[in-house]
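One structure is given here, and the rest of the page talks about it.
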Amino acid sequence: MYYIPICLWIVLIMTSLCQAQDILRQAAAVRPDPRQYEWQKLEFTCFIHFGPNTFSGREWGTGTEDPKSFDPTSIDVEQWVKTAQSAGAKMVVLVAKHHDGFCMWPSRYSSHTVRESAYKQGKGDIVKELVDACRKHGLKVGIYLSPADLNAIHQGFYGKTEKKRRVIPTPVEGWTPKSDLKMEGDYDDYNTYFMNQLFETLTEYGPFHQVWFDGANPKPGTGQEYDYQDWYKLIRALAPAACIFGKGPDVRWVGNEHGGSRDAEWSVIPLPKPAENHTWEDMTAKDLGSRDRLKNAKYLRWYPAETDVPIRHGWFYRDDHQKSRNVNELLDIYYRAVGGNSLLLLNISPDRRGLIPDRDVKTMAELGDVLRETFAKNLADGAKAKASATRKGFPIAHALDGKGDTYWMSPEDVEGGEVTLALPESRTFNIVSLQEAILQQGQRVEKFAVDMWQDNGWKEIGHGQTIGYRKFIVLPEPVTTDRVRIRFIESRFSISLKSLGLFYQIPRGKSGVKVDSASAEMKKPWKVIDASSFEPGFEPEKAIDGNADTYWHTQYRQHKPHPPHWIAIDLGSHQKLRGLTYLPRQDEPGPHIFKYEVYVSDNGTDWNEPLIEGQFDNIVNNPVEQQILFEKIVETRYVKLMSIEPPPGSVEASVGEVGIIKE
Ligand code: FUL
């Protein structure tokens, strides 16, 4: 047996510790570039999903829709912009081409556009109208172009096609581009098409401040590759201020579509390759940037999170029965996203008139009112601040001066520290806001706690992990005190603090409607009469207990590998039904129902043919309550929901709640 002498062990351990320290030091030095910082400062932006799906009621189109179906009757694009602005959004990102390939501008490179639609007899141009309205109202604009394109598949130029030497833009008779830029390369048909459209939109309608590349693809497996590096070059040349989202180098997807940021949301991320050659994938892991993740890092990148979430239960307007999030839910999302070191991109959906539905207009305005009222006054103003130790030139007063470019710093190489505020009098607050000086000093805080002075002692009222651009600690109840302390417990070397705020949001009752007691009441007489299988602890009754936190799960795969899975329910009496609802389990991503069938019966034995079948298009990314609307009102007592096919990668099924939509 070969023994390593103890001194060699010590050398090895010391070397790896030094390496870990070195990486940490490098991580603390990574900072946003000015483009990323300008984007982050927007804090709150709005998304707009509008298109053929609005008229078909689908979340993902097919690409074969008749363009004439796009026919808004009383569109008012300014109303969208005003709605976004009323909530406090600083930029609007328009879906100019969703997965169905329909172009919201009369693209010179496509025949599947607004020009072929019924809108303004083909004379409309939603991208132009929106861009003009945003500029008029002082909002920045971003553009979403889906890389996945079902219409291009349908037309036969998406998939593996031959690469040829080409120059972008492809000349179009009668059109003089506004830019002289020419990009030459070996491109296949779809990349040529896509880059032509990038060129066209960026030059005709820019400047844009974001270009959004969705990772979702309703039809994977075609072999189509995207020449991302060339797309980025084109964007950098034509839209230098634009941050590239998602499948791109500037901003990452937070990893879910329900508004949740991580407890530790790091903007400094390890990469296996230099950023210039990296293929950007969606990053959904829980831990992206902890010390543990960094220890073997080869390259580091500032790669901050953006949280996209729709106000409705779905990205597109479907109908008036579609649920919308209320102000409390949106506030909760706002605090978690903006106050979780990410940017919030909240989607609003124009309806078939071409207007944001009244209900959502009202919610957005109310959201804006609450936020304006809450953040109008920093209750830390006038406080005397003290820090445990300070670096020369960076006094603690800088954290309270309300200026964007000054900040406090602890002495060089001193980890952690404390900041204490003595308020002029006892004040009541329920939100603590902290910001690091990321532009100058990067992201360093790893663990902190907030205390208040009460009954002659310090009492912890909140704690957190990362801060970064901004952290909100939202207290469950307002507190009243005249002294507050922030303890920085762990950090990557010394810390910076750009701002410290105390705010009071007038309490509005419990946020988020998770347990719907009204529906639990309604479901009391219901019984499950049959279910394909279940895993002990996840009985089918949990799908009708009115509690969104419990769920039915079919037997784990080793016992019962294949769908279909079903649950049959006795509603206790005959009911006139317009449809069913399906709430996916809320704690984990699946296994959800993707393709479904619904059956009804008068005796619970004879089910006949399915009443309706369909699929929950975007269920994996956005597992909110789904609605299945029947073609006509059906009077029945027994209903059966069947999972015919799960989303790729799963074989089981789970159901948070099944509900009914009455006549
Ligand atoms: C997704 C898409 O599939 C949705 O339809 C939506 O556009 C959302 C923003 O990204 O994953």
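7 Å from Cα along Cα→Cβ at both residue 535 and residue 463: what's the point-to-point distance in nm?
In this crude label model, residue 535 to residue 463 measures out at 3.1 nm.
What list of ³J(HN,Hα) couplings, whole Hz, do you get for region 271-281 from phi and the Karplus terms 6.51, -1.76, 1.60, once you set θ to phi - 60° and write x for glycine and proline?
10, x, 9, x, 3, 4, 10, 7, 8, 7, 10
From Cα pairs below 8 angstrom and at least 6 apart in sequence, can you work out the relative contact order of region 86-170, rounded to a whole percent?
35
Kindly identify region 541-663 as rounded, prolate or oblate by the Cα gyration tensor criterion: order the square roots of the eigenvalues as a ≥ b ≥ c, call it rounded if a/c is under 1.5, otherwise compare a/b with b/c, prolate if a/b is larger, else oblate.
prolate
Quick check: from the Cα gyration tensor, does region 523-585 come out rounded (a/c under 1.5), prolate or oblate?
Prolate is the answer for region 523-585, as a/c is 1.5 or above and a/b outweighs b/c.
What is the packing order of peptides 95-106, 357-368, taking the mean over residues of other C-beta atoms within 10 Å and listing the highest first?
Highest-to-lowest ranking by the protection proxy: 95-106, 357-368.
Please get the size of the charge dipole for region 490-646, origin at its Cα centre, with Cβ charges of +1 on Lys and Arg and -1 on Asp and Glu, quoted in debye to the nearest 20.
640
Can you check what the net charge comes to around residue 61, using other residues whose Cβ is under 12 Å from the Cβ of residue 61 (Lys, Arg +1; Asp, Glu -1)?
It works out to a net charge of -3.
Say the dipole of the chain comes from +1 at the beta carbon of Lys and Arg and -1 at that of Asp and Glu; which of 193, 646, 61 then lies farthest toward its positive end?
193
Any idea of the accessible area per residue across the chain, 1.4 Å probe, to the nearest Å²?
About 43 Å² of surface per residue is accessible.
Calculate the length of the line joining the C-alpha centroid of region 407-466 to that of region 22-88, in whole Å.
Centre-to-centre distance over Cα atoms comes out at 33 Å.
Can you find, among 297, 375, 324, the residue farthest towards the positive end of the dipole of region 268-397? Put +1 on the C-beta of Lys and Arg, -1 on that of Asp and Glu.
Most positive-ward Cα: 297.
Run the dipole for region 260-358 about the Cα centre, Lys and Arg Cβ at +1, Asp and Glu Cβ at -1, nothing else charged, and hand back the magnitude in debye, nearest 20.
Here region 260-358 has a charge dipole of around 300 debye.
By a straight-distance test (C-alpha under 19 Å), which lysines pair with residue 160 as possible cross-link partners, with residues fewer than eight away in the same chain excluded?
219
Among 163/273; 524/576; 41/362; 527/640; 524/640, which pairs are too far apart, with a Cα-Cα distance over 21 Å?
Pairs exceeding 21 Å: 163/273; 41/362.
If each of residue 425 and residue 182 carries a label point 7 Å out from its Cα toward its Cβ, how far apart are those two points in nm?
It is 7.3 nm.
Would you work out which of 111, 217, 122 lies farthest towards the positive end of the dipole of region 107-234? Charges go on Cβ: Lys and Arg +1, Asp and Glu -1.
The residue sitting most towards the positive pole is 122.
Taking the Cα centre of the chain as origin and charging only Cβ (+1 Lys, Arg; -1 Asp, Glu), how large is the dipole, in debye to the nearest 20?
Here the chain has a charge dipole of around 1760 debye.
Where Lys and Arg each count +1 and Asp and Glu each count -1, what net charge lies around residue 116 among other residues with Cβ under 10 Å from its Cβ?
Net local charge, residue 116 excluded: +1.
Could you grab the relative contact order for region 50-206? Cα pairs under 8 Å, six or more apart, rounded to a whole percent.
23
Normalising by the residue count of the chain, find the relative contact order in percent from Cα pairs under 8 Å and 6+ residues apart.
12
Students often forget the sequence filter, so: which lysines lie under 23 Å Cα-Cα from residue 386 once same-chain residues fewer than 8 apart are removed?
Partners found: 377, 403, 447, 459, 471, 498.
Under 15 Å from the Cβ of residue 154, count the other residues' Cβ atoms, weight Lys and Arg +1, Asp and Glu -1, and hand me the total.
Taking every Cβ under 15 Å from that of residue 154, the sum is -4.
In the chain, what percent of the accessible surface is made up of carbon and sulfur (1.4 Å probe, ligands and nucleic acids excluded)?
Looking at the chain in its full context, I get 51 percent from C and S.
What aspartates and glutamates could a cross-link reach from residue 68, if we take a straight Cα to Cα line under 18 Å and drop same-chain neighbours fewer than 8 places away?
100, 116, 125, 351
I need the peptides 627-640, 38-51, 579-592, 339-352 ranked by packing, meaning the mean over residues of other C-beta atoms within 10 angstrom, with the highest value on top.
Highest mean packing first, the order is 339-352, 38-51, 579-592, 627-640.
Read phi for every residue in region 327-335 and hand back ³J(HN,Hα) as whole Hz from Karplus 6.51 cos²θ - 1.76 cosθ + 1.60, θ = phi - 60°, with x for Gly and Pro.
In residue order, the calculated couplings are 4, 4, 5, 5, 5, 4, 5, 4, 5 Hz.
Shape call for region 608-663 from the C-alpha gyration tensor, a ≥ b ≥ c root eigenvalues: rounded (a/c under 1.5), prolate (a/b greater than b/c) or oblate?
It is prolate, given that a/c is not under 1.5 and a/b is the larger ratio.
Given H placed 1.01 Å from N in the peptide plane, which residues other than close sequence neighbours of residue 340 have an amide H under 5 Å from its amide H?
HN-HN under 5 Å from residue 340: 472.
The values are calculated or read from the model by the stated rules, or taken from the named source; none is laboratory data. Note that the coordinates shown come from a computational prediction; the quantities given were computed from them, not determined experimentally. All Cβ positions, glycine included, derive from the backbone under ideal geometry; neighbour counts span all protein chains shown. Side chains are part of the model used for accessible areas, which takes the heavy atoms of the whole protein and leaves out ligands, DNA and RNA. Shrake-Rupley method; radii C 1.70, N 1.55, O 1.52, S 1.80 Å.
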